[in-house]
Each structure stands twice: as C-alpha cells, then as structure tokens.
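A.B. asks: Okay, handing you the structure first.
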Amino acid sequence: MLVKTFSSTVFGIHANTITIEVNLGIGINFYLVGLPDNAVKESQQRIKAAFSNNDLKFPGREITVNMAPADIRKEGSLYDLPIAVGILAVSGQVECAHLTEYVLIGELSLDGSLQPTKGVLPIAIQSKKEGFKGLIVPKRNAREAAVVDGIEILGADSLMEVVSFLNGDDTALERFTFKTNAFASATDTNPQLDFDEVKGQMMIKRAFEIAAAGSHNIMLIGPPGAGKSMLAKRLPTILPPMTLPEALETTTIHSVAGKMKSSSGLITMRPFRKPHHTISDIGLIGGGSHPQPGEISLAHNGVLFLDELPEYKRQVLEVLRQPLEDRYVNISRAKFSIDYPAGFMLVAAMNPCPCGYFNHPEKECVCAPGVVQRYLNRISGPLLDRIDLHIEVTPVKFDELTAQLPTEKSEVIRTRVISAREIQKERYGGREGIHANAHMSQKEVDQYCSLSNECMSILKMAMEKLGLSARAYDRIVKVSRTIADLEGEKNIMPQHLAEAIQYRSLDKNLNTVVLSKVG
C-alpha cells in the first residue's frame, strides 16, 4: 500500500514542495531515501518514541519512505510530522481522504508534541501558489504563517491533535488568520528612542535626514563620546513606515534565518542590525555549509550599523562592495548558488585615529604618524566610494549639552522624509528595484538629475580639488537630488550641489589627516 503526504523545503528564501511517499512492504526494515541529511534520518527514532507514548502503533513491516524530488537535499527536522502521518495513514490509523489538501511541517518531540521550525513563511507562500487548501504547522509558527492570505493555517500542539483533525474532528486544530488592520496599527519604531534626545549636532541631524530621505549610506567620523552611536540608533525612527510587501520580504528572511519569535507574525519595525567587529565574512554576507542569510540580509529594508569600522577585518569589509552596489548578495558554492536580498542602509562610525582624539579641541592625540596611516588605510578607497555621505562629528559643547532648548522630535523629521519619498515614488513610477534616489542607475541619473552650467562648474571644481572618482560623482548628484526633493524643488540648484559636496569631504580628509599629523 502506498500513501502520499506533502511537506516543503527552503532554498535561499524560497520554498519547494516535497512529496513524501510511504510504502508498506514485506519484512521489518525501515528505509528513508531521497537525499535526507542526518536530522531527517534520525526522525525514525523520534517517530517511534512519539507513537509509543501516545498509544499509536508503529507497523511491524518493511517501511519505505521516499522524499521526492530525490535530487534536492532534505535538511532539518520539519519532516517528522509528514513522515509520521504518512506511516499512520499507510497502516490505517489515519484517514487518507484529506491528506493531499494540506502541507505538513513540524518537529516531533518524544512525547508527541510539536516543536517550531524555521522558514514557515516562504513555505506558506509556496503552498498557496501551488493550490493547497491549507498548512498544518506547530502552533508557535502559526502566527508567522498566517500573514499569507488565501490559505488555511492550522496550528497544532501535538501529533494526536493532527491525527484527530485528519480523522474528522474539525475542532482539533486552531485556525489562524491575518488581520490587515493589525499591520496598519502596528508600532513601527522604538518608542524609547527619539532624535529630540540628541543635544546639539544640528549638521549631523541634517545629514541623517538627507540619508533617510534618499536611502543613502552614511559614515560618521569623530572622537569617542561625540554621539555617533546615539545618532545611528535613532535613524530607524525617521525612516518611512514599511509597506506590506517590504514587511513580507523582511519577515521571510528572518523566518528562514530562524529569528522569528513565536508570538510575532509580521515584522513591522525596520531592522537595525549591529554586528560586533569580530564577525566573519560568512556571518556578515551569509552562506556556510547549510546556507543562511547573513547580517546584511537580516538588515534588508532597514539599517546595518558598523561601529568602530576600522576594527573590522579588511576581508570582512571588502565583501560589502558588491551588496552595496547591487542590493543583493550571491552565495556561490560548488553545489549551489543562492541570492539573498541585501537592500540596507549602511551607517558606519569610526574614530579619526587609534586613540580617538586627533583634531579634538581639548585633548591631544598621542598616535604616531605611521600608526594613524595604518589605521586609516583599513578603510579601502572602493568601500569609501560607496558611502554617500561622510560626516565629521565634533564633541558637543557644554552649553549645548546643558541647554534646555526645544529640539525636533523624530516624528517631525520623519514627516519631511516621507514627503521626499513620496516625490521619489511618483518620479520613478514603481520601476523595479528603484525605491529611492540612492537606487538610481546611470540612466535615471541622466534623466532626473540634469545640472545647469553653474552646477557643472561647481562640480568640476570639487572633483579636481578633492580628487573624486566617477562613482563619487554619481553619489554627489544623487544626494543633491535628495536635498532638492526635501525642499520641494524640481531642479537641482547650486546650493543643493554645494551641500552634497561638503558631505564628501572625507575623501580628501583621510589623507590630509595624515599629512597634518606629519606636519
């Protein structure tokens, strides 16, 4: 006798449906075929114990379980439930009438309870595409799967609940649905963080507003305690709210990485990732023997903050080049190739020298010239080129720190950012891959960033004086387009371009710092 159940596997951030065929033969052996890994092979012991502890009978005959397609490697413990149900169905303990209507996933404990698994959201999306009636998942994964509309999501706490449901008890499993108004009313920023808590630093706040309005990368350079980390942590509070497609894409990545909490459904707060400087290149971009998204993908549609940038290994920083340019990362190995989304805003912070006090108004730098040179050389020119705004952060003066002057709240700044983003949304008309000025290709730059003769003269002078590259030229033009959008101007004016140029000053300053130190 042959019975089929259905499950799924996740590859990258997409799922493939797996057909599990269970056949009873003559003998007492147990065969599991179809390229299973060790976690799948160990399911036999978990299933036997779960059957024994729930008064279910494990057939005393030869059982062959085939997981098709056989050329796709099956990894993880999510196949415990569909294999167990298939064995029960082939031995007559579960009705087969509705088995083909549902995709089943879940890890079995020895007592028959179901443990949560990773990648439930992409599995739910794929199950809907393929026309399945519903998805049976561990109850702790149900809220996550329920964000997919148009498919029945059934949450189970144990194997026995699934058996009762398949045998005709419709009340045995809890049904979960996603409410769109819950997404609209969800909190999308951290209420404990606000820009009105930052004293002084008006120029830096202006730079962050420009970065948020155009989705530009930004680097802060300044002494310890100047407020670099404080400012970076508050950037998400002025970014536009996530759209539903952005939230789905972000949630999918976190689901695949196993970062979803059992109580959460859809991620509505833009990610803010702050990896430690000891992170490896694989930890940052993703990959490994069992491919997983890295920090840059977990920061998709949000912010990646790299504090103390020169302390990161040079090899780790250099792998950022391609994702910063293309907004995705390709993981290529001998047996597979995976693309992970990586559309993040990079915020980097660094000290001007190892001791941190070069150019400090009150404290003297004690670093030798050669030490400063080696420190600054840890940031390569190509990486620096890909960062749109370079800002020097100076210490806050005592009078500014203690002044009780009113400062703008994040909500006020965010309103201006949203208005600028609406202008960009209308301009690009939903073109694929272009959501903000920073994402423009050369074609869009030529079309939407025309410069007057006066602007061209200013830009030519700046490029010759600062020794800027062609990529830096593009970045300056894009930033000036964002400044014009914030002011509601249709054309880029000389003052917009001049402000954008001053945010590239570190291209030259990284060398002049060393020269000044020598002098």
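A.B. asks: Hey, does the range 114-127 have a residue that's closer than 23 Å to ALA247 by Cβ, of a type in the set (D, E, K, R), at pLDDT below 95 and touching a helix residue (DSSP H, G or I) at 6+ places or on another chain (Cβ under 8 Å)? If you could, list the steps in order and put the result at the bottom.
C.D. replies: Step one: list which residues in the range 114-127 are closer than 23 Å to ALA247 by Cβ, which gives 116-127.
The next check asks that each one be of a type in the set (D, E, K, R); those that pass are 118.
After this cut, where a residue has to be at pLDDT below 95 as well, the list is 118.
Restricting the remaining residues to those that are touching a helix residue (DSSP H, G or I) at 6+ places or on another chain (Cβ under 8 Å) gives 118.
Scanning the range 114-127, I find at least one residue that is closer than 23 Å to ALA247 by Cβ, of a type in the set (D, E, K, R), at pLDDT below 95 and touching a helix residue (DSSP H, G or I) at 6+ places or on another chain (Cβ under 8 Å), so the answer is yes.
A.B. asks: Here is a further query. Which of (1) buried (at least 20 other Cβ atoms within 10 Å of the Cβ); (2) outside any loop (DSSP other than H, G, I, E, B); (3) not small (Gly, Ala, Ser) is the odd one out, the single condition PRO245 does not satisfy?
C.D. replies: Going through the list (1) buried (at least 20 other Cβ atoms within 10 Å of the Cβ); (2) outside any loop (DSSP other than H, G, I, E, B); (3) not small (Gly, Ala, Ser), PRO245 breaks only (1).
A.B. asks: Sticking with this one: Taking LEU266 as the residue in question, decide whether it is part of a helix (DSSP H, G or I) and of a type outside the set (Val, Ile, Thr).
C.D. replies: Numbers: part of a helix (DSSP H, G or I): no; of a type outside the set (Val, Ile, Thr): yes.
No.
For (1) under 28 Å from the mean Cα position of the chain (by Cα); (2) over 29 Å from GLY283 (Cα atoms), each residue gets a yes or a no:
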{"residue": "ASN330", "(1), (2)": "yes, no"}
{"residue": "ILE338", "(1), (2)": "yes, no"}
{"residue": "PRO352", "(1), (2)": "no, no"}
{"residue": "CYS367", "(1), (2)": "no, yes"}
{"residue": "VAL371", "(1), (2)": "no, no"}
{"residue": "ARG374", "(1), (2)": "no, no"}
{"residue": "PRO382", "(1), (2)": "yes, no"}
{"residue": "GLN404", "(1), (2)": "no, yes"}
{"residue": "THR407", "(1), (2)": "no, yes"}
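A.B. asks: Which members of the range 185-231 meet the condition of being over 25 Å from the mean Cα position of the chain (by Cα) and part of a loop (DSSP other than H, G, I, E, B)?
C.D. replies: Once the filter is applied, which keeps residues that are over 25 Å from the mean Cα position of the chain (by Cα) and part of a loop (DSSP other than H, G, I, E, B), the range 185-231 yields VAL198, LYS199, GLY200, GLN201, GLY222, PRO223, PRO224, GLY225, ALA226, GLY227.
A.B. asks: On to the next question. May I ask you to list pairs of residues, at least six apart or on different chains, whose Cβ atoms are under 8 Å apart, with the first in the range 392-419 being over 27 Å from THR482 (Cβ atoms) and the second being surrounded by fewer than 15 Cβ atoms within 10 Å (Cβ to Cβ)?
C.D. replies: If the second residue must be surrounded by fewer than 15 Cβ atoms within 10 Å (Cβ to Cβ), the pairs left are PRO395/GLY225; PRO395/PRO361; PRO395/GLU362.
A.B. asks: Among the residues of the range 352-370, are any surrounded by fewer than 21 Cβ atoms within 10 Å (Cβ to Cβ), modelled with pLDDT under 85 and under 24 Å from ALA472 (Cβ atoms)?
C.D. replies: Yes: the range 352-370 contains one or more residues that are surrounded by fewer than 21 Cβ atoms within 10 Å (Cβ to Cβ), modelled with pLDDT under 85 and under 24 Å from ALA472 (Cβ atoms).
A.B. asks: Answer with yes or no whether ILE72 is within 34 Å of the chain's Cα centre (by Cα) and either at pLDDT 95 or above or within 26 Å of ASP149 (Cβ to Cβ) (or both).
C.D. replies: Details: within 34 Å of the chain's Cα centre (by Cα): yes; either at pLDDT 95 or above or within 26 Å of ASP149 (Cβ to Cβ) (or both): no.
No.
A.B. asks: Another question about this same structure. Please state which of the following conditions ILE418 fails to meet, knowing it meets all the rest: (1) surrounded by 21 or more Cβ atoms within 10 Å (Cβ to Cβ); (2) in a helix (DSSP H, G or I).
C.D. replies: Among (1) surrounded by 21 or more Cβ atoms within 10 Å (Cβ to Cβ); (2) in a helix (DSSP H, G or I), the lone unmet condition for ILE418 is (1).
A.B. asks: Still on this structure, I have one more. For the range 288-340, give me each residue that is β-branched (Val, Ile, Thr) and at pLDDT 95 or above.
C.D. replies: Kept after step one, since they are β-branched (Val, Ile, Thr), are these residues of the range 288-340: 296, 303, 316, 319, 329, 331, 338.
Those that are β-branched (Val, Ile, Thr) and at pLDDT 95 or above: ILE296, VAL303.
A.B. asks: Exactly one of these conditions fails for ARG378: (1) basic (Lys, Arg); (2) over 29 Å from GLU499 (Cα atoms); (3) under 29 Å from the mean Cα position of the chain (by Cα). Give me its number.
C.D. replies: (2)
A.B. asks: Could you check the range 430-444 and list, in sequence order, the residues that are in a helix (DSSP H, G or I) and either in contact (Cβ under 8 Å) with a residue 40 or more places away in the chain or buried (at least 17 other Cβ atoms within 10 Å of the Cβ) (or both)? If you could, list the steps in order and put the result at the bottom.
C.D. replies: Quick first cut of the range 430-444, residues in a helix (DSSP H, G or I) only: 437-439, 442-444.
Within the range 430-444, ASN437, ALA438, HIS439, GLU444 meet the criteria.
A.B. asks: Name the helices (runs of 4 or more DSSP H) wholly within the range 22-107 that hold at least 1 residues that are over 20 Å from LYS4 (Cβ atoms)?
C.D. replies: 38-41, 43-52
A.B. asks: From the list ARG427, ARG471, which residue is crowded, with 16+ Cβ neighbours inside 10 Å and under 26 Å from PRO323 (Cα atoms)?
C.D. replies: Values: ARG471 fails: crowded, with 16+ Cβ neighbours inside 10 Å.
Testing whether each residue is crowded, with 16+ Cβ neighbours inside 10 Å and under 26 Å from PRO323 (Cα atoms) leaves just ARG427.
A.B. asks: Also: With respect to LEU506, is the statement that it is buried (at least 16 other Cβ atoms within 10 Å of the Cβ), touching a strand residue (DSSP E or B) at 6+ places or on another chain (Cβ under 6 Å) and modelled with pLDDT under 90 true?
C.D. replies: yes
A.B. asks: Do you know which residues across the range 322-361 are in contact with a helix residue (DSSP H, G or I) (Cβ under 9 Å, 6 or more places away or on another chain), of a type in the set (Gly, Ala, Ser) and in a strand (DSSP E or B)?
C.D. replies: Once the filter is applied, which keeps residues that are in contact with a helix residue (DSSP H, G or I) (Cβ under 9 Å, 6 or more places away or on another chain), of a type in the set (Gly, Ala, Ser) and in a strand (DSSP E or B), the range 322-361 yields ALA348, ALA349.
A.B. asks: Tell me, yes or no, whether the range 446-466 has at least one residue that is touching a helix residue (DSSP H, G or I) at 6+ places or on another chain (Cβ under 9 Å), closer than 29 Å to ARG234 by Cα and small (Gly, Ala, Ser).
C.D. replies: no
A.B. asks: Identify, by number, the condition in (1) closer than 17 Å to VAL445 by Cβ; (2) among the basic types (Lys, Arg); (3) at pLDDT below 95 that ARG481 doesn't meet.
C.D. replies: Exception for ARG481: condition (3).
A.B. asks: May I pose another question? Working carefully through the options LYS228, LYS313, LYS274, find the one that is in contact (Cβ under 8 Å) with a residue 12 or more places away in the chain, surrounded by fewer than 22 Cβ atoms within 10 Å (Cβ to Cβ) and touching a strand residue (DSSP E or B) at 6+ places or on another chain (Cβ under 7 Å).
C.D. replies: Every option except LYS274 fails the conditions.
A.B. asks: Exactly one of these conditions fails for LYS41: (1) of a type in the set (D, E, K, R); (2) modelled with pLDDT of 95 or more; (3) surrounded by fewer than 17 Cβ atoms within 10 Å (Cβ to Cβ). Give me its number.
C.D. replies: Failed condition: (2).
A.B. asks: Inside the range 118-137, can you point out the residues that are surrounded by fewer than 24 Cβ atoms within 10 Å (Cβ to Cβ) and either of a type in the set (D, E, K, R) or not in a helix (DSSP H, G or I) (or both)?
C.D. replies: Matches in the range 118-137: LYS118, LYS128, LYS129, GLU130, GLY131, PHE132, LYS133, GLY134.
A.B. asks: For the structure I just gave you, tell me whether THR252 is touching a residue at least 24 places away in the same chain (Cβ under 8 Å), out of contact with any strand residue (DSSP E or B) (no Cβ under 7 Å at 6 or more places or on another chain) and assigned to a helix (DSSP H, G or I).
C.D. replies: Against the criterion (touching a residue at least 24 places away in the same chain (Cβ under 8 Å), out of contact with any strand residue (DSSP E or B) (no Cβ under 7 Å at 6 or more places or on another chain) and assigned to a helix (DSSP H, G or I)), THR252 qualifies.
A.B. asks: In addition: Pairs needed: first member in the range 47-72, over 13 Å from ILE87 (Cβ atoms); second member anywhere, basic (Lys, Arg) and outside any loop (DSSP other than H, G, I, E, B); C-beta distance under 6 Å; at least 6 residues apart or different chains.
C.D. replies: Here the result reads MET67/LYS74, each pair linking the range 47-72 to a residue that is basic (Lys, Arg) and outside any loop (DSSP other than H, G, I, E, B).
A.B. asks: Another question, then. If you take the residues in the range 1-30 that are out of contact with any helix residue (DSSP H, G or I) (no Cβ under 8 Å at 6 or more places or on another chain) and modelled with pLDDT under 95, which one is surrounded by the most Cβ atoms within 10 Å (Cβ to Cβ)?
C.D. replies: Per the criteria, the residue is THR9.
The values are calculated or read from the model by the stated rules, or taken from the named source; none is laboratory data. Here the structure is a predicted model, which is why all the values come from computation and not from measurement. Glycine also receives a Cβ, built like all others from the backbone with ideal geometry; neighbour counts cover every protein chain displayed.
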